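Have a look at the structure below, then the notes.
The values are calculated or read from the model by the stated rules, or taken from the named source; none is laboratory data. The structure displayed is predicted, hence computed values, not measured ones. Reconstructed Cβ throughout: ideal geometry from the backbone, glycine too, with neighbour counts over all protein chains shown.
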C-alpha cells in the first residue's frame, strides 16, 4: 500500500539560485511577459543527476509545457529534458557533483515555478534553411514542351510566321516522348496495346502530314490529363511513426540484485525492468513485483486506465500513471505487440494510386478495334489523312482529361468542406462502400470520462453532498475519473472542502479526512474490503447493475452515502451519422473496441448496432483481422478510427478515415481525414464521391456519342484530321467543364439535404 501526500509548492517569491554564475534566469537570454498563476508540482523520483517531477499543469497547458522546456534547456547545468504530456511529468538530467543534489532540486523547482511567468528564450535571428517543396513545380514541368510546341505551331500556321517545319516537328516529337515511352513500356513489359499506342500513332500520322496544330494539341491534352492524374494520385510510400519512438532512451533494470540504468536497446528478454510513476513501459512481459495503474490508451485506444498487479501481463508503449512495478521482460523492440503493429502496417499491400475506373478500361478495350478500323480505311481509300481522322476519334483523350478533372474537382470541393481525400482511388472506393467499421473510443464516443448520474442510499442524503465528498477526496489526483469528478463539481459550482490526511491505494480508492469525517471513495471492491455494507444501495436502486455504467462509491464514517456513475459519452453527432449511414446509404455498421464487452454493448445499444457486429477487447492485430474477414465476404470496407492502435485496421481497409486531431500514424495512414473532427464529414465525403461517380458516367456519354458518330462519318464519307480533332477535343473540353461542376456549383451533396 502506498501513501502519497501532495503539498502545493509556491516559491515564486524566492530568489533564483545561480549555478556557477550561469543561471538561466540571470543569463540575460530570457524575456519576461505577463505574470501567470503558481504551479503545483511533486517530486516523484530522484537519483544523482536525474529527477522526475509530476506537474499536472503540463497535461492541460501546452504553452506552459513549451515555456518550461525552453527554460530548462537554457540552463547550462541541464543535459537532457523529457516532457511527458500524458503523464503530466518531466524527467530532467543534470551534471552531477557540481553542486549538492538537494540544492539542484530546489533550483529545478524554482524553474518550474518561474515557467508560469511566461519566461522563454529569445528567438534566434538565424535565417531558416528550409526550402519550399518542389513537388508542385514537378507536376507541371511536363507541360512546358507541349506548350512550346503549340506556340511554334500557332506561329508557323495560323499566324503565318516563317518557322522552319523541322523545328516545329522536332518540338512536337520531343513533347511526345512521354507518350512514346508509355506506349513502348506497355508493349514491351505488359505485352498489350494501350491508349498511348493509339495516341502515338495518331500524333505521328498527323505530324508527318504537317498537321502540326492538330498533333501538338493532342499532345497538350494528353499531358494535361497525366498532370491531373498525378496530382490526384497518392504516394505509394506509406510513412509510419514507430509506436516505440516515444519511449525513454534509458531504462532501469535489476541485474544480479543491483539496480542499473542501461540503454533501451540493451534490454534483453529475461531482464527485470523497473518502471516508476509517469514512465512508459518499454517491453512486453509480466509483473514480478508491485502494482500499478496503467494507461493502455496508446495501444488499445481505451481512455480508462486499468490496474495491473503481480503475475499480470503488461505491454510496451503503455503508461504507468501510478505505482511502481518490476517487470520480467518477455519481448523487446520489434517483437513486442506495439512493434508487430508497425509490421502489420508496413506489410499492407499498396494499392495502385492511379485513378481506376470503368471508363478508362473501356478506352483501353477500344484501342485495337480503332487501330483495325483506321487500317481498314487506309487500305480501302489509300488516304492517310482519313486513317488519321479515324485514329484521332477515340475515347482515350477525352476520358484521360475528364475523369481526372472530375476527381480533382471533387477533391477540391471536399477540401472546401473540411474533408481531406488523399487520392482518386479513395474517392472511387468511397462511392462503393457497403460496410463501415467504427472504432469506439474517441470515434463514436468523445474519448473522455463524464459523470452521468449520482444515486444516494437514502432520501436525506443529497446528491450534491455525495459529489462534494468525492471531489474533496479526489482533488489533485491525476486519474481520469478523479478529473471528471472535479470537472463536474466545478460545473455544479460546488465549494470543495479542504482535504486533511489522506491515503491512496492504487487501483482501489482513497481514504481521506474531510471536515472531520472519515471518507472512502473508490471501487466496490475497495469499500467491501473496508467493511462497508452496499446492499441498501441496490435495494433502493435495483436497476443500478443492469444500467451497466461503471461507478465510484462514496462512504462517510463507515456508512455508504451513494455512487457516482460515469461513462465515455457519445459524440453529439454519432446517433444521427450511424442512423443515416444505415438507412439512407444502406451500409452495414460494425464497431471495434479494445474495451470490455459490457461497455461495448452499452454503446452498441445506444447506436442500435447488433451484438454480432460489435467486436470488443480487440488489440490492433485483431482489428485488422476483422477488416480482412469482411473483405473475404466480398464487402468494400471503410474503417473510421483516430488512434495509434487503429493504424493496422486503417491500413487494411478499402477506405480509411481519421480525424485531424487523431494520432500522427492514423492521419498518415488514412485515405480520408475529417479536418473538422466531426463524423458528419463522412456522410458528406460519401455524397461527394457518389456525385463524382455520376458525373463520370455523364462524361462517358458526352465523349462517346460525338466520337462514335464521327467515326461513322470518317469511315464512310470521310473527315479531315482537323475536323476529327475538333470533334474529339471539343467533346473532351465539354466533358472537362462538366467535370468541374463539384467546384463550380459549390457542390451540395444530395444526401445532406
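Just one residue in the set 83, 68 is modelled with pLDDT of 75 or more, in a helix (DSSP H, G or I) and touching a helix residue (DSSP H, G or I) at 6+ places or on another chain (Cβ under 8 Å); that residue is 68. Taken over the range 313-331, the criterion of being part of a loop (DSSP other than H, G, I, E, B) and farther than 12 Å from residue 292 by Cα is satisfied by 315, 316, 317. So, residue 604, is that one within 26 Å of residue 567 (Cα to Cα), surrounded by 14 or more Cβ atoms within 10 Å (Cβ to Cβ), in contact with a strand residue (DSSP E or B) (Cβ under 7 Å, 6 or more places away or on another chain) and in contact (Cβ under 8 Å) with a residue 12 or more places away in the chain or not? Answer is yes for this residue.
For residue 631, indicate whether it is at pLDDT 85 or above, surrounded by fewer than 24 Cβ atoms within 10 Å (Cβ to Cβ), in contact with a strand residue (DSSP E or B) (Cβ under 7 Å, 6 or more places away or on another chain) and under 26 Å from residue 295 (Cα atoms). When the stated conditions are applied, residue 631 does not pass them. Which one of these does residue 531 not meet: (1) in a strand (DSSP E or B); (2) more than 30 Å from residue 441 (Cα to Cα)? Condition not satisfied by residue 531: (1). Restricting the range 694-712 to residues that are over 49 Å from the mean Cα position of the chain (by Cα) and crowded, with 16+ Cβ neighbours inside 10 Å, which is nearest to residue 738 (Cα to Cα)? Per the stated criteria, the residue is 710. Looking across 457, 437, one residue alone is touching a residue at least 40 places away in the same chain (Cβ under 8 Å), buried (at least 20 other Cβ atoms within 10 Å of the Cβ) and closer than 30 Å to residue 537 by Cα. It is 457. Could you count how many residues in the range 326-349 are modelled with pLDDT of 85 or more and buried (at least 24 other Cβ atoms within 10 Å of the Cβ)? Looking only at that region, the number is 1. Which members of the range 552-570 meet the condition of being buried (at least 23 other Cβ atoms within 10 Å of the Cβ) and in a loop (DSSP other than H, G, I, E, B)? Within the range 552-570, just 568 meets the criteria. Would you please name the residue that is modelled with the lowest pLDDT, looking only at residues in the range 286-305 that are more than 25 Å from the chain's Cα centre (by Cα) and closer than 25 Å to residue 593 by Cβ? Going through the qualifying residues, I end up with 293. Does the range 206-216 contain at least one residue that is at pLDDT 85 or above and either outside the structural domain of residue 373 (by TED's automatic domain parsing) or buried (at least 18 other Cβ atoms within 10 Å of the Cβ) (or both)? Looking through the range 206-216, none of the residues is at pLDDT 85 or above and either outside the structural domain of residue 373 (by TED's automatic domain parsing) or buried (at least 18 other Cβ atoms within 10 Å of the Cβ) (or both). Look at residue 514 and say whether it is under 15 Å from residue 470 (Cβ atoms), in contact with a helix residue (DSSP H, G or I) (Cβ under 6 Å, 6 or more places away or on another chain) and at pLDDT 90 or above. Yes; evaluated as a whole, the condition is true for this residue. Of all residues in the range 134-161, those satisfying the criterion of being within 15 Å of residue 224 (Cβ to Cβ) and at pLDDT 70 or above are 143, 144, 145, 146, 147, 148, 149, 150.
Residues of the range 571-592 being modelled with pLDDT under 90 and either touching a strand residue (DSSP E or B) at 6+ places or on another chain (Cβ under 6 Å) or crowded, with 22+ Cβ neighbours inside 10 Å (or both), which ones? The one that is modelled with pLDDT under 90 and either touching a strand residue (DSSP E or B) at 6+ places or on another chain (Cβ under 6 Å) or crowded, with 22+ Cβ neighbours inside 10 Å (or both): 592.
Among the residues of the range 580-616, those identified as assigned to a loop (DSSP other than H, G, I, E, B) and over 21 Å from residue 545 (Cα atoms) are 586, 587, 593, 594, 609, 610. Tell me, yes or no, whether the range 391-413 has at least one residue that is surrounded by fewer than 21 Cβ atoms within 10 Å (Cβ to Cβ), touching a residue at least 40 places away in the same chain (Cβ under 8 Å) and either at positive phi or not assigned by TED's automatic domain parsing to the domain that holds residue 710 (or both). Yes, the range 391-413 contains at least one residue that is surrounded by fewer than 21 Cβ atoms within 10 Å (Cβ to Cβ), touching a residue at least 40 places away in the same chain (Cβ under 8 Å) and either at positive phi or not assigned by TED's automatic domain parsing to the domain that holds residue 710 (or both).
Restricting attention to the range 37-63 and to residues that are crowded, with 19+ Cβ neighbours inside 10 Å and in contact with a helix residue (DSSP H, G or I) (Cβ under 7 Å, 6 or more places away or on another chain), the residue that is farthest from residue 251 (Cα to Cα) turns out to be 39.
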